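Structure, as C-alpha cells:
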Ligand SMILES: N[C@@H](CCC(=O)N[C@@H](CS)C(=O)NCC(=O)O)C(=O)O
C-alpha cells in the first residue's frame, strides 16, 4: 500500500493529484505546518531524516520490499513505473526530452527563484525592496514557460504527463505570489485546464488545505 505523508499547503498535493490520475489506491498521513515558522512537525523526521514533504512509503516496493521515497520528481518517476508507464514520457524523442526537462526544471529552477523571493521578503526593513530585486529572476522563468505553453497544450506535447504535475506547484505558487497571471494567457489557460480535471478536484477534496488552488 502507498502512503503519502502529506503536509498542508505543500508540494505533496502534486502526489495526491498524480495518484488520483493513475487511480492507484493510497492512504494519506496528515502533517500540519507550524503556523509561525511554516516548518513541518518533527514527527515527519521519523518517516525520513529530512522531515520534508512529500514522502511516500510503499509496502509493495520493487522486489516486494517496503520503500521510503523523497523528492517529488523521484516519486513521480516511481509512480509512472508502478503504473506501467502511464503519465510517463511521450513516444516521440522530442516530446520525451521535453518531459525530462520539465520534470527537473520545476524543482531545479522555478522553485529556487520563488523560494528566494519568499525568504528575502521576510527580512525586516529591506524585505520588500529585496523581493522586488528577485522578481526579474522569476519573470525570466514565467516568460519562458508562457512561450512554451503558447505552442502546445501540455509541457511535453499533446498529452498531459507527470511533467505537468511537477510544474503545477511552482506555477500555482507563482500565480499566488509572483504575478504570474499578468499577461501570460497560455499559462493561465493551462492552470485552468489542470484545475478543472476530476482527478485534481478529487485530490483537493482528499488532501484538505491547499491555499494555491483557485477556488471554483
Ligand atoms: N525538492 C523537494 C522539496 C521538499 C520540501 O522542501 N518540502 C516542503 C513542503 S513545500 C517542506 O516540507 N517544508 C517544511 C519544512 O522544511 O520543514 C521536493 O520536491 O520534494
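The values are calculated or read from the model by the stated rules, or taken from the named source; none is laboratory data. Keep in mind that this is a model prediction, so the values were computed, not measured. Here the Cβ is made from the backbone with ideal geometry for all residues, glycine too, and neighbour counts use every protein chain on show.
Among the residues making up segment 35-45, those that are under 11 Å from residue 8 (Cβ atoms) and within 8 Å of the ligand (Cβ to nearest atom) are 38, 40. In segment 46-59, the qualifying residues are those that are more than 20 Å from the chain's Cα centre (by Cα) and surrounded by fewer than 18 Cβ atoms within 10 Å (Cβ to Cβ), and the one that is farthest from the ligand (Cβ to nearest atom) is 59.
If we keep just the residues of segment 138-158 that are within 15 Å of residue 100 (Cβ to Cβ) and in contact (Cβ under 8 Å) with a residue 60 or more places away in the chain, which is surrounded by the fewest Cβ atoms within 10 Å (Cβ to Cβ)? The extreme case among them is 157. A residue that is surrounded by fewer than 16 Cβ atoms within 10 Å (Cβ to Cβ) and in contact (Cβ under 8 Å) with a residue 24 or more places away in the chain cannot be found anywhere in segment 162-172.
Selection of segment 69-82 for residues being more than 8 Å from the ligand (Cβ to nearest atom) and in contact with a strand residue (DSSP E or B) (Cβ under 7 Å, 6 or more places away or on another chain) yields 69, 78.
Please verify whether segment 146-157 includes one or more residues that are closer than 21 Å to residue 71 by Cα and either outside the structural domain of residue 14 (by TED's automatic domain parsing) or at pLDDT below 95 (or both). Checked segment 146-157: at least one residue is closer than 21 Å to residue 71 by Cα and either outside the structural domain of residue 14 (by TED's automatic domain parsing) or at pLDDT below 95 (or both). The single residue among 25, 66, 62, 89 that is at pLDDT below 95 and either surrounded by 13 or more Cβ atoms within 10 Å (Cβ to Cβ) or more than 16 Å from the ligand (Cβ to nearest atom) (or both) turns out to be 62.
Flag not set for residue 112, criterion: without any contact (Cβ under 8 Å) to a residue 24 or more places away in the chain and not in a helix (DSSP H, G or I). In this structure, does residue 97 turn out to be out of contact with any strand residue (DSSP E or B) (no Cβ under 9 Å at 6 or more places or on another chain), on the phi > 0 side of the Ramachandran plot and away from the ligand (no atom under 15 Å from the Cβ)? No: the conditions fail for residue 97.
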